[in-house]
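All remarks here apply to the structure that follows.
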Amino acid sequence: MHEELYAAVQQTNALACLECGKCTSVCPVSRFSQEYSPRLMLNQAVKQDFDTLFADYDLWSCLTCQRCDQVCPSAISYIELTQTLRNNTDSSRFKGQCSHSGVLETLQKMMTTRDLRQNRLDWVGNELDISTDTGEILYFVGCAPYFDSFFTNLELSTLDAAISSIKILNHLGIKPVLLPQERCCGHDLYWNGDMDNFKMLAEHNLEMIAKTGCKTILFSCAECQSAFQNLYVENGFKVPWKLQHLSQFLAEQVESGKLELAPVAKPVTFQDPCRLGRHLSEYDAPRQVLKSNGGDNLVEMKQHGKGALCCGVSAWMNCDGTTRKIQNERLDQAYATGAETMAVACPKCHIHLQCTQQHAGDDGPKIEIRDIATITLERIG
Amino acid sequence: MPEPTPHTFDIFREEGQLSFPGKKEEYRFGPVEPSPCTNACPAGVNVKAYVSLMAAGKFGAALDVIRERNPLPGICGRVCTHPCEAACNRNVVDQPVAVRWLKRFAADYELAHPGEPPAKIETTRQEKVAVIGAGPSGLTAANDLVRRGFDVTVFEALPEAGGMLIAGIPAYRLPRKILSAEIDYLTNLGIKIETGTKIEGEKAIDELFKQGFEAIYLAIGAHKGKKLNIKGEGRYRGILDAVAFLNQVNFSASEKPGDKVIVIGGGNSAVDSARTALRLGSSEVHIVYRRTRQEMPADEEEIDEAEKEGVKIHYLAAPVEIVGKKGRVTGMTCQKMELGEPDESGRRRPVPIPDSEYLVEADCIIPAISQEPEIEFGLSDVKLSRWNTLVADEDTMATDRPGVFAGGDAVTGPSTVIDAIAHGHRAADSILHYLTGQPLENPVPPQMLPEAEIKIDLDQRSQIARAGMPAMEVQQRLGNFDEVEFGFDEATAIAEAQRCLRCGPCAECEECVSLCDKQPAMLTVDGHTGEYLCRVPDNLRSLVNSESSLTANLKIGKKKIDVILQSLQPRVAANICRGCGECVSVCDYGALELIASSGDLQISQLDPEKCRACGICVSACPNGAMLPGFIDDAWLNSKLDRMATGATNLVVFSCRWNGSSLHSDELAQIRTDKVNLNLIQTICGGRIEPGFVLKALAAGASGVLLTACDDESCHYGVGARRVRESFDEIRSLVHILGTDPQRIGFAAIPDGDSVKFIQTIADFAQSLNNNGGK
């Protein structure tokens, strides 16, 4: 096993580590949890001290937000090394603690069943014009139907983003395809180190999408998009479609004049999802949409774009005290802009930040957190 | 207050010791705090245990529990002053559980459904013990000593055994067939009772020692009525003290004592005398008592009944002079009193009101003010108090003469049956120690705490009326001594027992202990090896908490068992805790506090010394950060690793309180070739997480049933609500997933209602089968 791990050390360029510590200095987890240091973890990996690494809770602390990789002078992929190590832990080892008693993780695993008969499109009303078999453009909903049924205590609806997206597409004369038996994209299982189930989910999705004859897939969830665009491809799956975050699609439509939007009414700030930003290098499209027809109302947080701060949790793992601190810091940055709205482009950012803001009680400052699609729908005349 | 886990093999209820392979040190542990009712019982009867068993319809087992500490269940079920009921936490909600009447039912049930008489207990020891007096105290001591293998002879002066039970308590309260049945039970065990044998003479005690008795218990009672010391006493015929009167009535056919009768005093003897006189045909019966009804020591029920039957009670009245003509009583002058300052007994002292004398006409006066022992033998070195009672150490019952012990009314003056029984236990323990050469300090730690410390959350409890006692119509009572109270029927007894709030550690039914005896190596639950879940003794906490499980050798008395100890204390998952403080606010033991983690954030910290493993924090944590000591993914997976092919796999997650008093046999009716039942119990239903249900389905369960106690009976306040909420979430999730939500069931079941619990499981299994199993 150690040989395989050492191969990963080589492939991720870890041997080139200069021990400069830039990774640790930018890491949001290290910033709030003194014990955690990507540089030390790398150091142990280079020394092939894998047993120590496996015994360490911190193997599961990394948010895979890719902030470290971005600043590494040796182009090491620390998050890929982390994923490989997680994938190689055996069941007797400490595993990351999935929040909510593992409900979401279990749902993801249950979706690997081939002959599943989900009722996942119950929310699609008559006002939405969609196809469930073939079409040019496929809208990949993601797990929002499950989120909304489970997070009933949170004042949010992640399905609003899907409904708004479809309304915008309908407005543009597009009848998107939705998959009645769509599966979880597998993003979370991949980063939890569960490769087998990740691959099964990818297979189910790709097989169903191929039957629709679509040319473009649109995503409201940045994690789903990064799964298709990066993870599926890296793991040998063929993904022969144009993949776009809804904000990228909207930016094209605005650019080409097909979509006219009223200016954003109230000051707004934008939460870059790690997956859309650092993982897929898209920083401009959502801002273009928010700024279209008068961009004075877009105000940036202290950390934004490439340096944006993560929402604090990935793959539902280890929601903990450090998480809370990262989220509070992020919310404080948002409050400091004076914006009334925080636009998000990933349901996970939405859920995590909403949860923390809600649990802070009624006294503190508040910002309205909304998906970019719902904001955009309002701006259509 | 939330209480520690039910239905655990609560091995630390008794004293014992634990040793660990590879460790030199031995750990001793003592008994745990009893529930308020058990704590209040002078005889140490485990009240909660037998009430729990009766709630489950297990009357025989309940009677066994009673007999462990009370050899006279049918008698105490009728005449005990029931301090347990006064201590009952239900007093705060409505009325106490009718514990005494439940005990009576358990005893009567055995009489109505007789089995084999008990086997005679072998005498295994050489030493002979003499007990003087076959009243409750003497019989208790004799019973304890016979069970320990001693040869015991009880000497009784009266023609029948029972002491004050037969001499002083009228048959309408205590039918003679009940008394004789209980005495027969004891003689069947091997207690020898020599009735009509008076111990008398200057050298009586020495004589007994000479006859070969090595220890003597003087339990002679207090049968001599005290003098009133008022004018006219002794001058007229028609004055008869209560004990002599009742004795006469009880042992020989009696005429009415007089036509107009005055009884003086406020205790049970006074009320008994008054009601007896009425039954014998006296046309007018008065009770004269110095204080008010509140201070009256007789049982309230007795006073009620006496008034119903027509006894006229003069409160705040004191006898001044007995008057008479021609040597016969014609009446008594009384003086009205008022209550002044409290005296040393805490009761307000009655003070005479000047010039308030009045005359009550009567041809018979029965003083029932108090009694003292009637001592007709030489005391040798035994001391007498200034109240003419025997002097004995109140813990050991030892007198100044080695080998001679004394207890019951002979020491205390007239007191209750249950106090006499308590003395009997102490005397028996001391005699054992005396005869085996051990020091005489009280061998049993004091059973009674200054006050019962176990309080439970009473705000959520709804009122359930206490069962009334069916009784004979008042008109039918006069002229006979038939028992007035009829007793409960079976349904009433069960319903009344189910009113019990079951305060304190576990249901204490000990059903698990009997299981354990069958499988001494390892407790087997539901046919599968299960874990011992135990409350950890204080000095073991850190050891057990530092390791996930520990194998140990347990020794209680002669019983030796291998056990696996697992701490039930929850752990704070520091990685999940968000420092919201919910657990701190619900913990009644102050075992949780928020500590700074870093920055301005806090996390919860558990103090293992204070934690009582009740589990309320586990239920209350909104984030699932309080992990019960034994519940984690590995635990859940091991539980779920039992799916059968070709059968309906039914997984039941239940609150342990739902299954308390549940015997594994009772699940057998559900477990068939077609139904593979997997019962997984958590501390509180509130701990059943949505993830558990999904994981059970993912593991192949055909259906998952969640049960929690209903809102009324939840021991943790929030449990039922939490599981109901997660039930709604989980049903909508599985609907989206395309799984029939009917495969998930939820039921709120009153704590301890094992009948409904089993029925609910059976019904759910049936509904799964109707839906095709999968």
**Wholly within segment A:83-174, helices (runs of 4 or more DSSP H) carrying at least 2 residues that are modelled with pLDDT under 95 and within 14 Å of chain B (Cβ to nearest Cβ)** = A:103-110, A:144-150
**Item:** Which listed residue, of B:Arg731, B:Arg687, B:Arg722, is open to solvent by 30 Å² or more (accessible area, probe 1.4 Å), within 19 Å of B:Glu582 (Cβ to Cβ) and within 14 Å of chain A (Cβ to nearest Cβ)
**Value:** B:Arg722
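Let's see how each residue does on (1) of a type outside the set (Gly, Ala, Ser); (2) outside the structural domain of A:Thr374 (by TED's automatic domain parsing):
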| residue | (1), (2) |
| --- | --- |
| A:Cys214 | yes, yes |
| A:Gly277 | no, no |
| A:Leu290 | yes, no |
| A:Gly294 | no, no |
| A:Asn297 | yes, no |
| A:His304 | yes, no |
| A:Gly307 | no, no |
| A:Trp316 | yes, no |
| A:Gly321 | no, no |
**Asked** Taking the condition surrounded by 21 or more Cβ atoms within 10 Å (Cβ to Cβ) and either modelled with pLDDT of 95 or more or of a type outside the set (Ser, Thr, Tyr) (or both), does B:Leu145 pass?
**Response** yes
**Number of the exception - B:Asp64 against (1) in a helix (DSSP H, G or I); (2) at pLDDT below 80; (3) surrounded by fewer than 19 Cβ atoms within 10 Å (Cβ to Cβ)** = (2)
**Request:** Working carefully through the options B:Ala167, B:Ala270, B:Ala219, find the one that is under 23 Å from B:Trp387 (Cα atoms), within 30 Å of the chain's Cα centre (by Cα), in the same structural domain as B:Pro319 (by TED's automatic domain parsing) and open to solvent by less than 20 Å² (accessible area, probe 1.4 Å).
**Result:** B:Ala270
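Would you check which residues across segment B:182-200 are among the small types (Gly, Ala, Ser) and open to solvent by 30 Å² or more (accessible area, probe 1.4 Å) and list them?
B:Gly196
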**Request:** Give just the number: which of (1) buried (at least 24 other Cβ atoms within 10 Å of the Cβ); (2) of a type outside the set (A, V, I, L, M, F, W, C); (3) within 12 Å of chain A (Cβ to nearest Cβ) does B:His715 not satisfy?
**Result:** (3)
**Asked** Hey, any hits in segment A:331-341 for a residue that's open to solvent by 40 Å² or more (accessible area, probe 1.4 Å), within 13 Å of chain B (Cβ to nearest Cβ) and at pLDDT 90 or above?
**Response** yes
**Asked** Do any residues in segment B:350-363 that are assigned by TED's automatic domain parsing to the domain that holds B:Gly340 have Cβ atoms under 6 Å from those of residues that are open to solvent by 60 Å² or more (accessible area, probe 1.4 Å), where the two are at least six apart or on different chains, and which pairs are they?
**Response** B:Pro350/B:Arg290; B:Val351/B:Glu338; B:Ile353/B:Lys336; B:Ile353/B:Glu338; B:Ser356/B:Lys336; B:Glu361/B:Lys260; B:Ala362/B:Lys260; B:Asp363/B:Lys260
**Prompt:** Between residues in segment A:1-12 that are closer than 16 Å to A:Ala75 by Cα and assigned by TED's automatic domain parsing to the domain that holds A:Leu81 and residues that are hydrophobic (A, V, I, L, M, F, W, C) and surrounded by fewer than 19 Cβ atoms within 10 Å (Cβ to Cβ), which pairs lie under 8 Å by C-beta distance while being six or more apart or on different chains?
**Reply:** A:Val9/A:Leu15; A:Val9/A:Val46
**Request:** Return the only residue of B:Leu280, B:Leu316 being closer than 16 Å to B:Gly238 by Cβ and surrounded by fewer than 23 Cβ atoms within 10 Å (Cβ to Cβ).
**Result:** B:Leu280
**Message:** Considering only residues that are open to solvent by 10 Å² or more (accessible area, probe 1.4 Å) and either out of contact with any Cys (no Cβ under 9 Å at 6 or more places or on another chain) or over 27 Å from A:Lys167 (Cα atoms) (or both), which ones fall in segment A:342-354?
**Reply:** A:Gln354
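Rundown of residues vs (1) surrounded by 14 or more Cβ atoms within 10 Å (Cβ to Cβ); (2) at positive phi; (3) of a type in the set (Asp, Glu), yes/no style:
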residue	(1), (2), (3)
A:Ala16	no, no, no
A:Asp51	no, no, yes
A:Ser61	yes, no, no
A:Ser101	yes, yes, no
**Complete:** For segment B:63-109 the number of residues that are basic (Lys, Arg) and within 22 Å of B:Pro297 (Cα to Cα) is 2
**Prompt:** Among all residue pairs at least 6 apart or on different chains, which show Cβ distances below 6 Å where the first residue, located in segment B:736-761, is in contact (Cβ under 8 Å) with a residue 24 or more places away in the chain and closer than 16 Å to B:Leu667 by Cα and the second is surrounded by fewer than 23 Cβ atoms within 10 Å (Cβ to Cβ) and not β-branched (Val, Ile, Thr)?
**Reply:** B:Ile758/B:Glu666; B:Thr760/B:Ala747
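Identify the residue in segment B:460-482 that is outside any loop (DSSP other than H, G, I, E, B) and of a type outside the set (A, V, I, L, M) and, among all such residues, is least open to solvent (accessible area, probe 1.4 Å).
Going through the qualifying residues, I end up with B:Arg477.
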**Request:** Report the residue count in segment A:283-316 for those that are among the small types (Gly, Ala, Ser), open to solvent by less than 20 Å² (accessible area, probe 1.4 Å) and over 20 Å from A:Leu331 (Cα atoms).
**Result:** 3
**Asked** assigned by TED's automatic domain parsing to the domain that holds A:Phe32, over 23 Å from the mean Cα position of the chain (by Cα), part of a helix (DSSP H, G or I) and not hydroxyl-bearing (Ser, Thr, Tyr): does that describe A:Gln70?
**Response** no
**Prompt:** Of all strands (runs of 3 or more DSSP E) completely enclosed by segment B:299-390, which ones contain at least 1 residues that are over 23 Å from B:Asn229 (Cβ atoms)?
**Reply:** B:312-314, B:328-342
**Message:** If I filter segment B:570-598 down to residues being surrounded by fewer than 15 Cβ atoms within 10 Å (Cβ to Cβ) and closer than 17 Å to A:His359 by Cβ, which single residue comes out as farthest from the other protein chains (Cβ to nearest Cβ)?
**Reply:** B:Ser585
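Looking at segment B:273-291 only, could you name the residues that are under 30 Å from the mean Cα position of the chain (by Cα) and over 13 Å from B:Pro367 (Cα atoms)?
Matches in segment B:273-291: B:Arg275 only.
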**Message:** I need a count of the residues in segment A:198-213 that are touching a Gly at 6+ places or on another chain (Cβ under 9 Å) and surrounded by fewer than 20 Cβ atoms within 10 Å (Cβ to Cβ).
**Reply:** 3
**Message:** I'd like the full set of residues that are assigned to a loop (DSSP other than H, G, I, E, B) and open to solvent by less than 20 Å² (accessible area, probe 1.4 Å), limited to segment B:393-439.
**Reply:** B:Thr396, B:Met397, B:Thr399, B:Gly403, B:Gly407, B:Gly408, B:Gly413
**Message:** Could you go through segment B:698-708 and let me know if any residue there is within 14 Å of chain A (Cβ to nearest Cβ), at pLDDT below 90 and either touching a Pro at 6+ places or on another chain (Cβ under 6 Å) or crowded, with 20+ Cβ neighbours inside 10 Å (or both).
**Reply:** no
**Item:** Residue among B:Lys256, B:Lys231, B:Lys203, B:Lys260 that alone is of a type outside the set (A, V, I, L, M), in the same structural domain as B:Asn388 (by TED's automatic domain parsing) and either touching a residue at least 60 places away in the same chain (Cβ under 8 Å) or surrounded by fewer than 19 Cβ atoms within 10 Å (Cβ to Cβ) (or both)
**Value:** B:Lys203
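The values are calculated or read from the model by the stated rules, or taken from the named source; none is laboratory data. Since the structure is predicted, the reported quantities are computational estimates derived from the model, not experimental observations. So basically every Cβ, Gly included, is an ideal-geometry build from the backbone, and we count neighbours across all protein chains shown. Surface areas here come from the heavy atoms of the whole protein model, side chains and all, with no ligands, DNA or RNA. Shrake-Rupley method; radii C 1.70, N 1.55, O 1.52, S 1.80 Å.
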